[in-house]
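K.L.:
Once you've had a glance at the structure underneath, I'll fire off some questions.
What follows draws every value from the coordinates through simple rules; no lab data is involved. Here the structure is a predicted model, which is why all the values come from computation and not from measurement. A quick note on method: Cβ atoms are made from the backbone with ideal geometry, for glycine too, and the neighbour counts reach across all protein chains shown.
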Amino acid sequence: MSLAFIQSCIAEDMQKVDAVIRQSLHSDVVLINQVADYIVNSGGKRLRPALVLLSAGTLGQIAPHHHQLAAVIELIHTSTLLHDDVVDESAMRRGKATANTLFGNAASVLVGDFVYSRTFQMMVGVKNMRVMEVLSDATNTIAEGEVLQLLNVNDADITDDAYLKVIHFKTAKLFEAATRLGAIICQASPEDEAAMAEYGMRLGTAFQLIDDVLDLSGNSDEIGKNLGDDLAEGKPTLPLLYAMRHGSATQHQVIRNAIEGGGLEELPAVIAAVNSTGALEHVRELARKESQLGCDAIAHLPDSNYHQALLQLAEFAVNRSF
């Protein structure tokens with residue numbers, strides 16, 4: 001199981017999506033081109049646009065509107081990254097310096113606004129009110145998730161449910177929108193559209209849970225960012241919450257101090273605590289369950305390479321090391 005089979009199913013279509021992205025980001029303003037080109041060429045797994053294409057291929061045929069909407073999904077994601085890196089004061093993403101590090105915070109925020117507003121121009125071009133409804137709801141929910149996450153920073157007392165709500169809003173909603181859009185353009189039945197949407201939501205949740213695990217256990221070169229970045233920002237992720245509940249009094253206090261104070265002074269002790277309490281495996285198991293529920297939701301759909309790719313993508317999401 002690897003990304004190779006998944007990517008091979010849609011290689012030609014992804015080239016068309018990339019062409020749409022590059023064409024859509026062109027501007028007469030030089031700085032916009034510089035920042036946008038840097039972000040687009042910085043890599044990334046392109047999972048979200050791939051979901052638009054794979055869901056379409058599973059339920060019908062991939063059409064030009066799917067290329068357009070796959071590009072929209074990727075650009076919404078790109079704009080949130082530009083803003084996130086400024087808010088989080090991140091210096092590295094995908095193994096490279098962040099745009100705000102190279103071009104400054106002001107340029108990153110403003111170009112993020114340009115990318116975000118350009119996606120609305122692209123949405124209108126599809127001339128489908130249902131598409132507009134899904135994407136406007138998704139972008140609004142993502143913004144709410146960003147604010148919720150900000151409110152939770154340095155709060156060691158949030159519940160698992162409160163944290164999962166952030167994941168559903170901030171990350172999984174765009175995955176859900178991607179798979180739902182593939183279904184809508186194929187004019188799938190309401191039942192199949194709902195099934196695809198659930199698959200996307202479950203996959204996105206699993207994906208973020210594994211990101212939380214990798215933040216405390218991954219290899220910096222592989223994951224493309226510094227180990228403990230979330231902890232340094234005072235974000236109370238699920239592995240930390242679990243370890244606080246199941247660790248010793250000393251471990252509980254170490255993790256609480258790390259969340260409430262931010263920084264990485266306690267990182268070795270925190271990593272030791274999440275390992276000794278089984279927190280990482282606990283969260284991995286939650287991710288596996290989410291992934292399986294997503295696969296179950298689309299199990300009834302016709303078998304094809306696209307369908308198999310969706311199932312393999314769910315497996316990749318929970319077994320990856322980057």
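K.L.:
Classify segment 57-212 from the C-alpha gyration tensor, please: rounded if a/c falls under 1.5, else prolate or oblate depending on whether a/b exceeds b/c.
P.N.:
Oblate is the answer for segment 57-212, as a/c is 1.5 or above yet b/c matches or exceeds a/b.
K.L.:
Additional query: From the cross-link list LYS45/LYS170; LYS96/LYS173; LYS45/LYS173; LYS16/LYS96, which pairs have alpha carbons spaced over 23 Å apart? Don't skip to the end; give the middle numbers.
P.N.:
On the way: LYS45/LYS170 18 Å; LYS96/LYS173 26 Å; LYS45/LYS173 17 Å; LYS16/LYS96 25 Å.
With Cα atoms farther than 23 Å apart: LYS96/LYS173; LYS16/LYS96.
K.L.:
Starting at the first residue of segment 287-300, write each ³J(HN,Hα) from the Karplus equation 6.51 cos²θ - 1.76 cosθ + 1.60 with θ = phi - 60°, in whole Hz, x for Gly and Pro.
P.N.:
5, 4, 5, 4, 4, 5, 4, x, 5, 4, 5, 10, 4, 7
K.L.:
Something else about it: Please work out the ratio of the alpha-carbon Rg of the chain to 2.2 N^0.38 Å and round it to two decimals.
P.N.:
0.98
K.L.:
Here is a further query. Provide SER24, SER8 in ascending order of the number of other Cβ atoms located within 10 Å of each residue's Cβ, fewest first.
P.N.:
So the residues, fewest neighbours to most, are SER8, SER24.
K.L.:
Further, regarding this structure: Among ILE184, GLY262, GLN23, which residue has its Cα positioned farthest towards the positive end of the charge dipole of the chain, with +1 placed on the Cβ of Lys and Arg, -1 on the Cβ of Asp and Glu, and the dipole taken about the Cα centre?
P.N.:
Towards the positive end, the residue furthest out is GLN23.
K.L.:
Right, something else. Rounding to the nearest 20 debye, state how big the charge dipole of the chain is about its Cα centre with +1 on each Lys and Arg Cβ and -1 on each Asp and Glu Cβ. Provide the component values of the computation, followed by the final result.
P.N.:
Numbers: 24 positive and 41 negative charges, 127 e Å.
For the chain, the charge dipole is close to 620 debye.
K.L.:
Based on the mean of other Cβ atoms within 10 Å per residue, sort peptides 185-191, 293-299 so the most packed one is first.
P.N.:
Ranked by mean Cβ neighbours within 10 Å, highest first: 293-299, 185-191.
K.L.:
Quick one: which of 203-213, 100-110 comes out on top by average Cβ neighbours within 10 Å, and what's the full order, highest first?
P.N.:
203-213, 100-110
K.L.:
In terms of Cα to Cα distance under 20 Å, which aspartates and glutamates are near enough to LYS127, apart from those fewer than 8 places away along the same chain?
P.N.:
Cross-link targets: GLU74, ASP137, GLU193.
K.L.:
Please work out whether segment 101-156 counts as rounded, prolate or oblate from its C-alpha gyration tensor, where a ≥ b ≥ c are the square roots of the eigenvalues and a/c under 1.5 means rounded, while otherwise a/b larger than b/c means prolate and anything else oblate? Mind dumping the intermediate values first?
P.N.:
Numbers: a/c = 5.43, a/b = 1.35, b/c = 4.03.
Oblate, since a/c reaches 1.5 and b/c is not below a/b.
K.L.:
Something else now. Where the centre of each part is set by its Cα atoms, how far does segment 226-283 sit from segment 183-198, in angstrom?
P.N.:
First find each Cα centre; the distance between them is then 40 Å.
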